[in-house]
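The values are calculated or read from the model by the stated rules, or taken from the named source; none is laboratory data. Being a predicted model, the structure only gives us computed values, none of them experimental. Glycine also receives a Cβ, built like all others from the backbone with ideal geometry; neighbour counts cover every protein chain displayed. Side chains are part of the model used for accessible areas, which takes the heavy atoms of the whole protein and leaves out ligands, DNA and RNA. Shrake-Rupley method; radii C 1.70, N 1.55, O 1.52, S 1.80 Å.
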Amino acid sequence: MNDIRINIFEQIGGSAAVSTEDGESLYKRIVKALEQKARVILDFNNIELLTSTFLNSAIGQLYSRFKSPYLKAHLKLENLKKEDLELLKKVVERAKEYFKDKGRIVNGAKEVLG
Amino acid sequence: MLSVSHIRYPKVVREIPLHKGRNVMRYEFPDSLSNDFEGYSVLLNFHEKTRNLFLDEVILDFKRTSWFEANLCAVLGAVLNSVENDLNIVRIENLIPKIERLFRRNYFLGHFGDMKIRDLYKTAVKYRKFRVNEEKLFKNYLDFELLAKAVMPDMSNLLRKKINESIFEIFNNAVIHGDCQNIFSCGQYFPTKKRLDFTIVDIGVSIKQRVDEFLRQNLSGEEAIQWAVTKGHTTRTGNIPGGLGFSLIREFLERNDGKIQIISGNGFWEQTGKNAKSSRYPYDFPGTIVNLEFNIDDKCHYYLLSEIKEEDIF
């Protein structure tokens, strides 16, 4: 399995990962890599500020297309601060709950696939 | 239950116009405006009295006002912005020296007066208006004005970060759900109480409108806010999950012994520490006011308690 490292600081052009738009651009890059069956390393080096909005868009949204075991095997985190790990855990739990409704997954997939 | 029955609303006087063809409305503000149910009530009343004016003149008369909590400038500014969008003239009159100094320090009179902006007051939290796509400018504003070390030297870095996060969650909420063009903000630091109040306002769509549309119900303003601040509740329907922002802030402010107040539609909702209360106004506010009050004297020790492993995340 290939490793693809994404430097989030470089991807969003700053230390504040706060907006839906920046999250969306990261999401698209992760999806592209996962479609190549790669393992994605998300490097949070130099990220000082994270919001649920950004994480919902970048990572929570992945649960509309991929199942939890697949993401567990293909996503790796680096340099994420302890308090941000807690936030990400909440975002992931919320995403799993949100997409439990099958209809939402279908609709979500439709939007992604156009 | 809070009640509006005892609130004495300010006097509204019609005057002879200085500008030909314009009607003049003089609004006399009360002695005191604070971050509480009554304070917001006056500003909602002011919005109600001015919402249908067009090509008129509005005078804000502060001759009786000796106390005005500066973060409320975000609410007043948002309302005045709407008043000016309807081509009305806005004049602020009879400020006592103390309030005038306050409005100069936070640049409010640069927006609604004749004040020339010079960066003289590096420690004041300024009144600002942002476009919804200016989140990077907003970040700079928080870093260099609201949370600058010169203003609040005692604060831990973790607390600074948690405050930043909370404020951004509200900013993003306004961007995603507010259907607005601008976001208005202002803050005030109370050094003796070690408290920081920060207010964010948008005028566009109220929480009630969003929630009613989503649930296909007709809730009161306060019920709609209560629904929206509950963990897992969101009006989003696409493939980006929601329903977490308010619960994160509530959880943090509970630990921090802070406060959150939300005014939207005709609803008022407040959580102080663990206790929540709500009420309703006789008028609608066509957007959302969120005031966050942080306890700055907080070392955030509770954040060291949880140990989450990376392998448990996904």
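Computed quantities for the displayed model
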item	result
Cα gyration tensor shape for the range B:256-314, rounded if a/c is under 1.5, else prolate or oblate	prolate
DSSP-defined beta bridges in the protein assembly as shown - what % are antiparallel, rounded to 5	65
Cys residues of the protein assembly as shown counted as unpaired, since no other Cys beta-carbon is under 4.7 Å	B:C180, B:C300
Residues of the protein assembly as shown: accessible area per residue with a 1.4 Å probe, Å²	45
Restraint check, B:K136/B:K309; A:K67/A:K90; A:K32/A:K76; B:K116/B:K139; B:K63/B:K116; A:K81/B:K299, Cα-Cα greater than 27 Å	B:K136/B:K309
Principal axis box of the protein assembly as shown, alpha-carbon based, largest edge first, Å	79, 48, 40
Calculated over chain A: convex hull of Cα atoms, volume per residue (Å³)	93
Residue with peak Gaussian network fluctuation, chain B [Cα springs, cutoff 10 Å], from B:L158, B:L292, B:L33	B:L158
Shape call, the range B:58-199: gyration tensor on alpha carbons, a/c limit 1.5	oblate
Descending semi-axes in Å of chain B, equivalent ellipsoid built from Cα gyration tensor	33, 24, 18
Accessible surface of B:H111 - all protein chains present, 1.4 Å probe, nearest 10 Å²	80
For the pair B and A, total buried accessible area rounded to nearest 100 Å², probe 1.4 Å	3700
Cα gyration tensor, the range B:165-246 - rounded (a/c under 1.5), prolate or oblate	prolate
For residues of B:241-250, the mean tally of beta carbons on other chains within 10 Å	6
Antiparallel %, DSSP beta bridges [both residues in the range B:28-161], to 5	0
Residue mean of other protein chain beta carbons inside 10 Å, A:18-30	3
Angle in degrees between helix A:20-35 and the longest Cα principal axis of chain A, rounded to the nearest 10	70
Karplus-derived 3J(HN,Hα), 6.51/-1.76/1.60, for each residue of the range B:277-291, Hz, glycine and proline x	9, 8, 6, 9, 9, x, 10, 9, 9, x, x, 9, 10, 10, 10
List B:W67, B:W269, ordered by accessible area with a 1.4 Å probe, largest first	B:W67, B:W269
Placed amide H near B:N266: partners under 5 Å, 5+ positions off or other chain	B:G221, B:F285
Sparse-neighbour loop sites [trypsin sites (Lys or Arg not before Pro); the range B:238-314; at most 15 other C-beta within 10 Å; DSSP]	B:K274, B:K299, B:K309
Descending semi-axes in Å of the range B:12-92, equivalent ellipsoid built from Cα gyration tensor	22, 14, 10
Solvent-accessible surface ranking, highest first, for B:D61, B:D179 at 1.4 angstrom	B:D179, B:D61
Beta bridges per DSSP with both ends in the range A:3-113, % antiparallel, nearest 5	0
Listing of the range B:135-176 residues, each with accessible area lower by at least 20 Å² in the full protein assembly than in the chain alone (probe 1.4 Å)	B:E135, B:K136, B:K139, B:L158, B:K161, B:E165, B:F168, B:E169, B:N172, B:I176
Accessible surface of the protein assembly as shown [probe 1.4 Å, protein heavy atoms]: carbon and sulfur percent	48
Proximal charge balance of B:E135 [Cβ under 11 Å; K/R count +1, D/E count -1]	0
